[in-house]
Amino acid sequence: MLRRVVRQSKFRHVFGQAVRNDQCYDDIRVSRVTWDSSFCAVNPRFVAIIIDASGGGAFLVLPLQKTGRIDKVYPTVCGHTGPVLDIDWCPHNDLVIASGSEDCTVMVWQIPENGLETPMSVPVVVLEGHSKRVGIVSWHPTARNVLLSAGCDNQIIIWNVGTGQAMIHLEDMHPDVIFSVSWSRNGSLLCTACKDKKVRVIDPRKKKIVTEKDKAHEGARPMRAIFLADGNIFTTGFSRMSERQLALWKSDNMDEPICVQEMDTSNGVLLPFYDPDTNVVYLCGKGDSSIRYFEITDEAPFVHYLSTFSTKEPQRGMGYMPKRGLDVNKCEIARFYKLHERKCEPIIMTVPRKSDLFQDDLYPDTAGPDPALEAEEWFVGKNGGPILVSLKDGYVSTKSRDLKVVKTNVLESKPAPKAETIPTVQKHTAPQPSIVSGYADANKVQMPSTNFFID
């Protein structure tokens, strides 16, 4: 008689646990805007949540330790004149956050070291270039001060935040609304999902579509597509019969998927969150009350179902903590910030281990906060993999420098170096403070013919 062999995986027994009520963030008016973004962004210092605001758009920025009931008059970031649709923390500075809004602008903000004490209505820089609402903002993973925005005008703009300039316009590639944009691991390529049911891989600096797949998912509901660490592409979408699907594709040949799996018949859009260190993908459906997680390997069926974390309350949005913000002493491999109608609830994913020692198989070196490249280097053709740091002694946040914006085109005064590729760098010490152009040595922010200060 044949015995079925259970696949070996260190993540088979991952379990999720919601924190106690007193560790939640209560009495928050989570945004009701009908837009399929996550409405929440998290880093090792702050959680940011898009909220309902009268007369414009606003989001809360709360220090992680400020749990409990949030006062109705707690200060917000409130410079947009229309509802905020998406927010994203800068991976290289834990005090800098970008926001996109229905008012057609992108704004970049610098949050004070200890959080907000008064409402913030003046951003460090306003990026204007879209003619319709901006639904997606995403920082470059390895180059400092490079920010992508995608709007309902069907165009993608890549900005140099250090000069406040739009450097790359990708205008004629998408005939309809862009549902999602994802950077590759080293930021050399983009992967987009569009309402025309196509998934495209784009080289943004050459303004060229590298490959595309028509009808990656045949259903009419929104798709999502993300790059994996090995260069493959993971997509979520709907079948013709409105069943939710996930699929895995080779980015250099998207004729046929590596695998496709049917999930269920719910109509919530599946938001994928990916951990490149462990190759685990977490799927959170808007309106669902569960988080499903899968491990991606080289063995068939390639996308292996691990487990599901379920609660009673449906989720309005979800934030995902970067690896360097996790508690390695508790074998925590992921932390989510689940948005309810009136609160934000952290959910901790843990691998059960008996030993108190550092589990190096769970925590390979991960992307640290130091950029591999300056913006100017990336725009002229250089690539650089993320600079990795060890989590063995627990990640220690370094002092972040102020964001400096000088509204001149620094590219004109620089000779264009030859394109070259910088390999991924491994570093086993705690990250050091970086002092590079783009971040001022003092608390001074320069704008054209105006000087003002950020406390």
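Can you tell which of Pro83, Pro91 is open to solvent by less than 50 Å² (accessible area, probe 1.4 Å) and under 18 Å from Ser31 (Cα atoms)?
Pro83
Rundown of residues vs (1) without any contact (Cβ under 8 Å) to a residue 12 or more places away in the chain; (2) in a loop (DSSP other than H, G, I, E, B), yes/no style:
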position	(1), (2)
Gln8	yes, yes
Phe11	no, yes
Gly16	no, no
Asp22	no, no
Arg32	no, yes
Asp36	no, yes
Ala41	no, no
Pro44	no, yes
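Scan segment 129-138 and tell me whether some residue there is closer than 22 Å to Tyr25 by Cβ, touching a strand residue (DSSP E or B) at 6+ places or on another chain (Cβ under 6 Å) and surrounded by fewer than 23 Cβ atoms within 10 Å (Cβ to Cβ). Working first, answer last.
If we filter segment 129-138 for residues that are closer than 22 Å to Tyr25 by Cβ, which is where we start, we get none.
The answer is no; no qualifying residue exists.
Which pairs do you get when a residue that is assigned to a helix (DSSP H, G or I), found in segment 309-325, comes within reach of a residue that is among the hydroxyl-bearing types (Ser, Thr, Tyr) and buried (at least 19 other Cβ atoms within 10 Å of the Cβ), reach meaning Cβ atoms under 8 angstrom, with the pair 6+ apart or on two chains?
What qualifies is Lys323/Tyr363; Lys323/Thr366; Arg324/Thr366; Arg324/Tyr395; Gly325/Tyr395.
Considering only residues of segment 49-62 that are at negative phi and part of a loop (DSSP other than H, G, I, E, B), which is surrounded by the most Cβ atoms within 10 Å (Cβ to Cβ)?
By that ranking, first place goes to Ala53.
State whether the residues of segment 254-271 include one that is closer than 23 Å to His140 by Cβ and open to solvent by 20 Å² or more (accessible area, probe 1.4 Å).
No, the conditions are met nowhere in segment 254-271.
Of the residues that make up segment 245-253, is at least one open to solvent by 50 Å² or more (accessible area, probe 1.4 Å), more than 15 Å from Asp36 (Cβ to Cβ), of a type in the set (Asp, Glu) and in a loop (DSSP other than H, G, I, E, B)?
Applying the first criterion (open to solvent by 50 Å² or more (accessible area, probe 1.4 Å)) to segment 245-253 yields 250, 252-253.
Next, from what is left, pick out any that are more than 15 Å from Asp36 (Cβ to Cβ): 250, 252-253.
Those still in the list that are of a type in the set (Asp, Glu) too: 252.
Then keep just the ones that are in a loop (DSSP other than H, G, I, E, B); that gives 252.
Checked against the condition, which is being open to solvent by 50 Å² or more (accessible area, probe 1.4 Å), more than 15 Å from Asp36 (Cβ to Cβ), of a type in the set (Asp, Glu) and in a loop (DSSP other than H, G, I, E, B), segment 245-253 yields at least one hit.
Here are Ser131, Ser99: which of them is within 18 Å of Phe179 (Cα to Cα) and in a strand (DSSP E or B)?
Details: Ser131 fails: in a strand (DSSP E or B).
Just one listed residue meets the conditions, Ser99.
Here are some residues: Pro431, Pro417, Pro369. Which one is at pLDDT below 55, within 24 Å of Trp109 (Cβ to Cβ) and open to solvent by less than 80 Å² (accessible area, probe 1.4 Å)?
Pro431
Return the residues of segment 94-112 that are open to solvent by less than 20 Å² (accessible area, probe 1.4 Å) and within 20 Å of Pro63 (Cα to Cα); say none if nothing qualifies. Even if it seems obvious, please write down each step before you answer.
Start the filter on segment 94-112 by keeping residues that are open to solvent by less than 20 Å² (accessible area, probe 1.4 Å), which leaves 94-101, 105-111.
Residues satisfying the conditions are Asp94, Leu95, Val96, Ile97, Ala98, Ser99, Val108, Trp109, Gln110, Ile111.
Taking Arg316 as the residue in question, decide whether it is basic (Lys, Arg), within 25 Å of Leu64 (Cα to Cα), in contact with a Leu (Cβ under 9 Å, 6 or more places away or on another chain) and open to solvent by 20 Å² or more (accessible area, probe 1.4 Å).
Spelling it out, Arg316 is indeed basic (Lys, Arg), within 25 Å of Leu64 (Cα to Cα), in contact with a Leu (Cβ under 9 Å, 6 or more places away or on another chain) and open to solvent by 20 Å² or more (accessible area, probe 1.4 Å).
With the requirement that a residue be farther than 16 Å from Gly100 by Cα, touching a helix residue (DSSP H, G or I) at 6+ places or on another chain (Cβ under 9 Å) and hydrophobic (A, V, I, L, M, F, W, C), what does segment 160-185 give you?
Within segment 160-185, Met167, Ile168 meet the criteria.
Considering segment 162-211 alone, what residues qualify as being part of a strand (DSSP E or B), of a type in the set (Val, Ile, Thr) and open to solvent by less than 40 Å² (accessible area, probe 1.4 Å)?
Matches in segment 162-211: Ile168, Ile178, Val181, Thr192, Val199, Val201, Ile202, Thr211.
In this structure, is Ser390 among the hydroxyl-bearing types (Ser, Thr, Tyr), more than 19 Å from the chain's Cα centre (by Cα) and closer than 30 Å to Gly162 by Cα?
Criteria met by Ser390.
So, in segment 344-365, of the ones that are in a strand (DSSP E or B) and out of contact with any helix residue (DSSP H, G or I) (no Cβ under 9 Å at 6 or more places or on another chain), which residue ends up surrounded by the most Cβ atoms within 10 Å (Cβ to Cβ)?
Cys344
Pairs please, first residue from segment 274-290 and closer than 12 Å to Ile333 by Cα and open to solvent by 40 Å² or more (accessible area, probe 1.4 Å), second anywhere and modelled with pLDDT of 95 or more and not in a strand (DSSP E or B), Cβ atoms under 6 Å, 6+ apart in sequence or on different chains.
Pro276/Ala229
This table checks each residue for (1) buried (at least 20 other Cβ atoms within 10 Å of the Cβ); (2) touching a Ser or Thr at 6+ places or on another chain (Cβ under 8 Å); (3) under 19 Å from Ala58 (Cα atoms); (4) among the acidic types (Asp, Glu).
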site	(1), (2), (3), (4)
Arg7	no, no, no, no
Ala18	no, yes, no, no
Asn21	no, no, no, no
Arg29	no, no, yes, no
Ala41	yes, no, yes, no
Pro44	no, yes, no, no
Val47	yes, no, yes, no
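The values are calculated or read from the model by the stated rules, or taken from the named source; none is laboratory data. All values derive from a computational prediction rather than experimental measurement. Ideal geometry is used to build each Cβ from the backbone, glycine not excepted, and the neighbour counts take in all protein chains shown. Keep in mind that these areas ignore ligands, DNA and RNA; they rest on the heavy atoms of the full protein, side chains included. Shrake-Rupley method; radii C 1.70, N 1.55, O 1.52, S 1.80 Å.
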